[in-house]
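The values are calculated or read from the model by the stated rules, or taken from the named source; none is laboratory data. No experiment lies behind these values; they were computed from the predicted model shown. Don't worry about glycine lacking a Cβ; one is built from the backbone with ideal geometry, like all the others, and counts go over all protein chains shown.
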Amino acid sequence: MLTGKAKIAGVMGWPVGHSLSPLLHGFWLAQHKIDGTYIPLAVHPENFEQAFRALPKLGFQGVNITVPHKEKAFALCDDLDDAAKAIGAVNTVHIVDGMLRGSNTDGFGFFENLRDRADPKLNTQKSALILGAGGAARSIIYALIDAGLPEIRITNRTRARAEMLAQVFGPLVTVVDWDDRGGPAALGSLGLLVNTTSLGMTGQPPLEMALDNLDPKTLVTDIVYAPLITDLLRSAQDRGNPIVDGLGMLLHQARPGFEKWFGKAPMVSPKLRQFILDHMAQKS
Ligand code: ATR
């Protein structure tokens, strides 16, 4: 039940109907018995600037921003945290005294998911290989540099996009050719292998990736979470590598926003994971 004092947040995207964020925040709002709501905001790109600038006037605490608005929100925020500046995109906005404060919690979500579920823990003394060079790759590279990894290799079908990221993030980042992604130069001495492409997602082409050159201790993770265990994760698991699925990244990236808007630090519990998984199973 909402009173006239209810706190309002939401997610702006186009389309937004697929977003799991209203369910996720709704779970936490109910768990903490908060007088607040989190709603889907389907905003066409043509209307984004007007809708975004109206949020403080409508009394919103803040919003999440999803595809295709993250770069536009970055350009329109009144101020930005370091992660948003480095990533060039905003996924979480907090409204304070009428000002739109942008942050990016995708890299935080990625790393918290590994911390939460990886056993053995990620070896941060070793290199990482990132498959893909889109927005998700960018936030993950930021998080891994922040965590102190000595080298980050990127491989992408369109090599120029990988080279662009190497330029942005500097000498810790090197580029490996997409055709060599299973070779020793890509997989040798690796602590972490991450798929950030859409390959392997339900309805998308498979990710073809030979793992013969991978150390059995290398942690393998995928940001794709539908299916939860992708072919990459299954192949890695079958040869004894530790794996972490991608659902937790979505859950953990939501924590900082919820805490800022509603004043309670939420937990990513097994019950929450199961709640989201049950919903995903109902839909498929
Ligand atoms: P996001 O912001 O979610 O990371 P994106 O910017 O669209 O999304 O990036 C999608 C990634 O999946 C890119 O690295 C893309 O490769 P390109 O840069 O070459 O487009 C990768 N990807 C998508 N379909 C692919 C395919 N069929 N083969 C190889 N890579 C693919």
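Name the one entry in Ala84, Ala6 that is buried (at least 20 other Cβ atoms within 10 Å of the Cβ), at pLDDT 95 or above and more than 20 Å from Val224 (Cβ to Cβ).
Result: Ala84 is the single residue among Ala84, Ala6 that is buried (at least 20 other Cβ atoms within 10 Å of the Cβ), at pLDDT 95 or above and more than 20 Å from Val224 (Cβ to Cβ).
Being within 27 Å of Lys264 (Cβ to Cβ) and of a type in the set (Phe, Trp, Tyr), is that true of even one residue in the range 39-50?
no
Rundown of residues vs (1) within 14 Å of the ligand (Cβ to nearest atom); (2) in contact with a Gly (Cβ under 8 Å, 6 or more places away or on another chain), yes/no style:
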| position | (1), (2) |
| --- | --- |
| Arg161 | yes, yes |
| Pro171 | no, no |
| Arg181 | yes, no |
| Pro184 | no, no |
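Inspect the range 108-119 for any residue being more than 13 Å from the ligand (Cβ to nearest atom) and more than 29 Å from Leu214 (Cα to Cα) and give the result as yes or no.
no
Per-residue answers, yes or no, for (1) of a type in the set (Lys, Arg); (2) part of a loop (DSSP other than H, G, I, E, B); (3) modelled with pLDDT under 95; (4) within 16 Å of the ligand (Cβ to nearest atom):
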{"site": "Leu199", "(1), (2), (3), (4)": "no, yes, no, yes"}
{"site": "Pro205", "(1), (2), (3), (4)": "no, yes, no, yes"}
{"site": "Thr221", "(1), (2), (3), (4)": "no, no, no, yes"}
{"site": "Val224", "(1), (2), (3), (4)": "no, yes, no, yes"}
{"site": "Ala281", "(1), (2), (3), (4)": "no, no, yes, no"}
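Collect the residues in the range 231-273 that are touching a Phe, Trp or Tyr at 6+ places or on another chain (Cβ under 6 Å) and outside any loop (DSSP other than H, G, I, E, B), keeping them in residue-number order.
The answer is Leu247, Met249, Phe258, Leu272.
If you take the residues in the range 122-180 that are among the basic types (Lys, Arg) and crowded, with 21+ Cβ neighbours inside 10 Å, which one is nearest to Asp82 (Cα to Cα)?
Arg138
What single numbered condition from (1) buried (at least 21 other Cβ atoms within 10 Å of the Cβ); (2) over 13 Å from Leu100 (Cβ atoms) fails to hold for Gly62?
Against the list (1) buried (at least 21 other Cβ atoms within 10 Å of the Cβ); (2) over 13 Å from Leu100 (Cβ atoms), Gly62 comes up short only on (2).
Condition first: among the charged types (D, E, K, R), more than 21 Å from Met249 (Cα to Cα), outside any strand (DSSP E or B) and out of contact with any Pro (no Cβ under 9 Å at 6 or more places or on another chain). Now tell me which residues in the range 125-177 satisfy that.
Glu151, Arg157, Arg159, Arg161, Glu163
When Asn213 is evaluated against the numbered criteria (1) in contact (Cβ under 8 Å) with a residue 60 or more places away in the chain; (2) in a loop (DSSP other than H, G, I, E, B); (3) within 17 Å of Gly191 (Cβ to Cβ), which criterion, by number, is the only one it fails?
(1)
Among (1) more than 15 Å from the chain's Cα centre (by Cα); (2) surrounded by 17 or more Cβ atoms within 10 Å (Cβ to Cβ), there is one condition Asn104 misses while meeting the rest; what is its number?
(1) is the only condition that Asn104 fails.
Taking the range 9-34 as the region of interest, how many residues are surrounded by 14 or more Cβ atoms within 10 Å (Cβ to Cβ), closer than 24 Å to Phe52 by Cα and not β-branched (Val, Ile, Thr)?
Going residue by residue through the range 9-34, those that are surrounded by 14 or more Cβ atoms within 10 Å (Cβ to Cβ) are 9-14, 16, 19-29, 31-32, 34.
Among the residues that remain, those that are also closer than 24 Å to Phe52 by Cα are: 9-14, 16, 19-26, 29.
Checking which are not β-branched (Val, Ile, Thr) leaves us with 9-10, 12-14, 19-26, 29.
Summing the residues that are surrounded by 14 or more Cβ atoms within 10 Å (Cβ to Cβ), closer than 24 Å to Phe52 by Cα and not β-branched (Val, Ile, Thr) in the range 9-34 gives 14.
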